[in-house]
Amino acid sequence: MATQLSVLDPGKPHVFIEPAKRINEGQDVSRFLVSSAYRDITLFLVQLNRAMFPRKDGLEAVAHMPESSAISKLQGLLKAIDKVVDDVPLDPGTHRFGNTAFRKWYQVLEERSLQLLKDHLPETVIDFPHENGIASIQELKAYLLGSFGSAQRLDYGTGHELSFLAFVASIWKLGGFAPSNEGSEERSIVLNVIEPYLAIVRKLILKYSLEPAGSHGVWGLDDHFFLPYILGSAQYGPAITDSDSTPIEGSSPRAPDPGGVVKANIVAQERHGNLYFGAIGFIYDVKKGPFWEHSPTLFDISGVRAGWAKINKGMLKMYNAEVLSKFPVVQHFPFGSLFSFEGDTEAQEPVFSVHMASQPRQENSTSSGTDGIPSTMAPWARNSSNTTRMPAPTALPTRSVGSNVIGRSNPIETRLPVVSPNDSAFVPMKAPWAKKG
Amino acid sequence: MSNLDKAIAELRACRIIPENEVRELCFKARELLIEEGNVVQVDAPVTICGDIHGQFHDLIELFRVGGDVPDTNYLFMGDFVDRGFYSIESFLLLLCLKVRYPDRITLIRGNHESRQITTVYGFYDECLRKYGSANVWRYCCEVFDYLALGAIVLGTSTRLERVPSISDTQQTEDLTPTEDDTELEILNADNVITARFSRNRRRQVMDPTELTSSSPSSSPIQSTPIRNGPAGTGATSDSNGSIGNNGGAVFCVHGGLSPLVETIDMIRLLDRKQEVPHEGAMCDLLWSDPDDIEGWGLSPRGAGFLFGANIVKRFNHFNDLSLVARAHQLVMEGFKEMFDSSIVTVWSAPNYCYRCGNVAAILELGEDTSNGGTIARSNGDVGRSLGDSAFQNLQLPAEPRPGPGRRYRVFAAAPQDYKGMPAKKPVADYFLVSRFCRLGKKRQR
């Protein structure tokens, strides 16, 4: 039985906390990696990921299963948000890049957010019993508003994507979703909530020319997204039953060859039924030029011979290292009661599924400044060493992950990254300020 | 020399050169660059270029549009590397040309010419991928430390010499060549003039939206110049005209100004041979951005500052400059003049990151030949003998000095021929079980 993110007891009043930024310097990232927030987010991601593998009973083939009421309601929420995109026209005139009308869009969303949440979330979630004056909606609102890019910087990256994952996970924790039957509810969450969310974000990116937050150009995995590569590769994995462990190699016989990412016809054919190819399709939409040149990381990954499950496992590891462990990405994440910055008492114990079990220990955080939300402050002032030592349930040889930095997605405009001072690759080249921290 | 020419030929063909040659090249380049001041003096005519970011094919297109080295005198304002797929080829080609024709090409440092930034934004990864080790990255980073921080272009002309242009023969009515008063001219990649603006006369208005947006109908008297240049320009019509032929000195820097730098001389005093610091004058020069604010502001980049029109005008006046040319920010039209043409952003990476849909531009400044080519004016040292206190008392003149004639050549991304696909490289460790596996895989393929 797969591990699940636990649901709060609705019989017990909960103390909600107005979410606040807690990651202010590089060292805080290492605290984050042993926090209960980190545990819950990774747990929920692994739970969703597992649910996307095909089932031997063919259950997953039914793409639009009868949805739980929570999922229909969330679809209503996303439709309402999508309508705001249509409602806010572009600002005329010349713009350096992003269109400033996005700020209006965001303002409208902000103004409507409480009402939208009240209208579209299950009552049990909205009225979750609480002890102090703060209701669940305060926490939910913070994650929802963090999900659609930065109004100030007119950009979108994996930090915003992470915020939406937390939003959905919050609803899960508050018991908003139906009890899962062999992953059916999770699968429905991915296909009927996360995928429409991604569609809205793509629409926002195209309409308002949002910059990729923290872009590494061709050297990132993707300019904006990460989750669809995880969830979409799982869709092509070998079929499982509820008692199987999550596969780490092999593919479904129906899956296309990973090399199909360079073939326009395969991409066109697969992009509507698979999240991985959906993301690749968006790259095709926005980028001109040979795929191997503008997306060398995805191109290299398409040469993995051990199947989609292998790619899936790699994506999870990479997400952990390149998104969750990067200061510029996670620094804006707000922590409340549902995702608490407090230490996870079991952090050193294996609390992950088999997937997460084989994470390499990270000796160093290297070049951060990746994917996702770029820093708005001088991040180098907050350097730390050994920021990203994460709990590795099984002993694995220690290895630096960052030195083969491939795949971090990322602004058209450069922000200063955080670099760990003690990355072995750079010892002879230490920057003068590296001793700080 | 022949080795160098061979390397240039290789690099022009977008092929990397062996590591030992890179080492030798970088050594020679450092010997050359160490002799340059922090602010290089460059004589007009010169073609000023902005960010390249490893877009090799577009760099070749730039040379096609602007003329080849050494026929054209070039000044590149940094950000050669990162983000694009061909940072190595692009930077090494520029470096080879620098070593081969030191007087015909000037390279100054951008914020991406830094160890810290290149480890994050791609150049480091690219070196590992293409050479299998970080050595080439190390050699290049050593060169970065020697790159000048800015340049000052002297001997520019207020006039734009006519270039043979197709539009001259086509005789487009609106674009009939003017006399000597052309201040700004825009050409496309096919050498066709697409816009031209003169100093003395009210401009031909190319973009009606620009006119309506900048001329308040309620005000009968124009207190400020009508900005009737095309989108992206701040070209004004009421400079005093061709009172002289000298366009004044142009300061070129990657990012912008610094609150710590009042005079060009203060830049000359910096110790530049180091990694780009996180703060201070050197950092600001490479990181700052102009913005529609008063005075100085915090930069959302986390380094450098934002600075407003008054800062630029003050700086230009105190240093007897007519223009600041900088790069550092993507602009959709390839160039953007701001603050009554006291500063311009030049961006030379078309369709940036394969997706931004922008065009690129280069800026040509002509040579003032009226004094037989001698340079009679400022080198940015104005007021030096008066001491620093003199600057506090200087008043801005009512009219800024006439700037140089500016010819922008605008070009789009180079059409690329699909020459098949390269072999897939071994993927990152995330996708491997162990190193043994990786080796096994390599052999399989």
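The values are calculated or read from the model by the stated rules, or taken from the named source; none is laboratory data. Just so it is clear, the structure is predicted and the values come from calculations on it, not from any experiment. Neighbour counts are summed over all protein chains in view; Cβ atoms, including those assigned to glycine, are modelled from backbone coordinates with ideal geometry. Accessible surface areas use protein heavy atoms only, side chains included; no ligands, DNA or RNA. Shrake-Rupley method; radii C 1.70, N 1.55, O 1.52, S 1.80 Å.
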- Being in a loop (DSSP other than H, G, I, E, B) and more than 15 Å from the chain's Cα centre (by Cα) is the filter here, so list the residues in segment B:46-71 that pass it. B:67, B:68, B:69, B:70, B:71
- Query: So, of the residues in segment B:276-326 that are farther than 27 Å from residue B:141 by Cα and among the acidic types (Asp, Glu), which turns out to be surrounded by the most Cβ atoms within 10 Å (Cβ to Cβ)?
  - Reply: B:291
- Determine which single condition residue A:147 fails, assuming it passes every other condition in (1) assigned to a loop (DSSP other than H, G, I, E, B); (2) surrounded by fewer than 22 Cβ atoms within 10 Å (Cβ to Cβ). (2)
- Item | Every residue from segment B:72-121 that is within 13 Å of chain A (Cβ to nearest Cβ), charged (D, E, K, R) and part of a helix (DSSP H, G or I) | B:89, B:115
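If you check residue A:173 against the conditions, is it open to solvent by 10 Å² or more (accessible area, probe 1.4 Å), within 22 Å of residue B:357 (Cα to Cα) and modelled with pLDDT of 95 or more? It would help to see each step written out before you state the result.
Details: open to solvent by 10 Å² or more (accessible area, probe 1.4 Å): yes; within 22 Å of residue B:357 (Cα to Cα): no; modelled with pLDDT of 95 or more: yes.
Criteria not met by residue A:173.
Looking at A:322, A:249, A:293, can you tell me which residue is charged (D, E, K, R), under 22 Å from the mean Cα position of the chain (by Cα) and within 14 Å of chain B (Cβ to nearest Cβ)?
A:322
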- If you check residue A:167 against the conditions, is it open to solvent by less than 10 Å² (accessible area, probe 1.4 Å) and closer than 16 Å to residue A:81 by Cβ? yes
- Task: Examine segment A:134-148 for a residue that is closer than 21 Å to residue B:356 by Cβ and at pLDDT 95 or above, and state whether such a residue exists.
- Result: yes
- Mind checking which residues of segment A:304-318 are at the interface with chain B (Cβ under 9 Å from one of its Cβ atoms) and crowded, with 24+ Cβ neighbours inside 10 Å? A:310, A:311, A:313, A:314, A:315, A:316, A:318
- Message: Going by what's in this entry, would residue B:101 be described as buried (at least 24 other Cβ atoms within 10 Å of the Cβ) and among the hydroxyl-bearing types (Ser, Thr, Tyr)?
- Response: no
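Among the residues that make up segment A:66-77, is at least one of them open to solvent by less than 30 Å² (accessible area, probe 1.4 Å) and more than 18 Å from residue A:5 (Cβ to Cβ)?
Yes, that holds for at least one residue.
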- Item | Residue satisfying condition, being over 30 Å from residue A:323 (Cα atoms) and open to solvent by 40 Å² or more (accessible area, probe 1.4 Å), within set A:118, A:21 | A:118
- Can you name every residue in segment A:121-135 that is open to solvent by 40 Å² or more (accessible area, probe 1.4 Å) and of a type in the set (A, V, I, L, M)? A:134
- Query: Across segment B:139-154, what is the total count of residues that are more than 17 Å from residue B:123 (Cα to Cα) and open to solvent by 10 Å² or more (accessible area, probe 1.4 Å)?
  - Reply: 1
- Task: Please find, within segment A:326-363, the residue that is modelled with the lowest pLDDT out of those that are over 24 Å from residue A:9 (Cα atoms), open to solvent by less than 20 Å² (accessible area, probe 1.4 Å) and more than 14 Å from chain B (Cβ to nearest Cβ).
- Result: A:330
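Being aliphatic (A, V, I, L, M) and within 23 Å of the chain's Cα centre (by Cα) is the filter here, so list the residues in segment A:296-310 that pass it.
Hits for segment A:296-310 are A:298, A:301, A:304, A:309.
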- Exclusive hit being within 13 Å of chain B (Cβ to nearest Cβ) and either open to solvent by less than 10 Å² (accessible area, probe 1.4 Å) or among the β-branched types (Val, Ile, Thr) (or both), set A:232, A:237, A:220: A:220
- Residues of segment B:154-170 being at pLDDT 80 or above and hydrophobic (A, V, I, L, M, F, W, C), which ones? B:154, B:160
- Task: Check every one of the strands (runs of 3 or more DSSP E) wholly within segment B:312-361 and list those with 2 or more residues that are within 12 Å of chain A (Cβ to nearest Cβ).
- Result: B:335-338
- Subset of segment A:252-263 [within 14 Å of chain B (Cβ to nearest Cβ) and touching a helix residue (DSSP H, G or I) at 6+ places or on another chain (Cβ under 7 Å)]: A:258, A:260, A:261, A:262
